[in-house]
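Report on the structure given below.
What follows is calculated from the coordinates using simple rules that are stated; it is not laboratory data. Please read these numbers as outputs of a predicted model, since none were measured by experiment. Using ideal geometry, Cβ is built from the backbone for each residue, glycine included, and neighbour counts are taken over all protein chains shown.
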Amino acid sequence: MYALTPARCNLPPLRRAPCRQAASTTTTSTTITTTQNPAALGRRAAANPDYDSLRSTWQHRAWTAAGTAAVLSSLSASASLAASDGASYAPLVVSAVAAYSLADLATGVYHWLVDNYGSPSTAVFGAQIAAFQGHHRVPATITHRDPCNNLHALACAAAFLLPPTDLALSAAHAPASAHAFAATFAACVVLSQQSHAWAHESRRRLPPAVLALQAAGVLVSRAQHGRHHRPPYDTNYCIVSGMWNGVLDQYRVFEALEMVIFFRTGIRPRSWDETQAEWREEDVVDAATAGDDADSS
Ligand SMILES: [Zn+2]
Ligand SMILES: [Zn+2]
């Protein structure tokens, strides 16, 4: 084994405050506009001063619908192409499984990037960076979000990127399995925020089917993702199934990339300097979820 981070090599730490400050005030890309009486919003809402920002707006629903339509259109193109060719559906299934696996890796890379680099003022990704920083400060908040509120950002990306991808594949006369790969990859990336939310949810609130899928490793487990929210806050970034977390962490892939970036640019990832002990997830689990998190430690 080898130690890569300068902090562990006794290089002096460099404190950067802006993102942490942003995390204390921003938990989502949505503007916080609490106007209702928290006492009237029920126990879970009362525990959340940012309650209104966790609800879905019509824009959230519209983007989620657009992303869903793009995925369904791509899947339809794949199925109709396979039917017209009279080909076996086996390659489609193989492509879908491969896409599901690579989507887990992709979410890990993206999560690592927004956790560690950029700021809320970064172009395009600033809102996502702020949201992930806010998530680290108050992890359980994600379980209070409405589904479209939670999924709309990635659904928006799918709505923009998947149709031109399908057009390019069609223009290149790509096989049906290529469309199946694109559609499944997009669907898994969009839904990664749902599997992420489930990884923070209390066992008693999760449907039995979700618990079974988490136990089987089909969805990232609460125990595995819980380790991402424990010091040193630099492991287990993948949030679809978590199948890549073991190898990425064992071989310190992200740590090696951080060193390459640091020695080439001088930019330090936030995980070296800006994590805080109070980010530990068990400290922010509300009273309703406390006491049943034996598998998340
Ligand atoms: Zn994170
Ligand atoms: Zn999380």
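Between region 127-173 and region 182-261, what is the separation of their alpha carbon centroids in Å? Distance between centres, Cα-based: 16 Å. Assign one of three labels to region 97-216, namely rounded, prolate or oblate, based on the Cα gyration tensor with a ≥ b ≥ c the square roots of its eigenvalues; rounded applies when a/c is under 1.5, prolate when it is not and a/b is larger than b/c, and oblate otherwise. Oblate, since a/c reaches 1.5 and b/c is not below a/b. May I ask for the net charge around V210, where only other residues with Cβ less than 13 Å from the Cβ of V210 are counted and Lys, Arg are +1 while Asp, Glu are -1? Once all neighbours under 13 Å are counted, the net charge is +3. The Cα atoms of region 209-249 give a gyration tensor whose axes a ≥ b ≥ c have a/c of 1.5 or more with a/b no greater than b/c, which makes the shape oblate. In region 191-231, the alpha-carbon atoms span a convex hull of 64 Å³ per residue.
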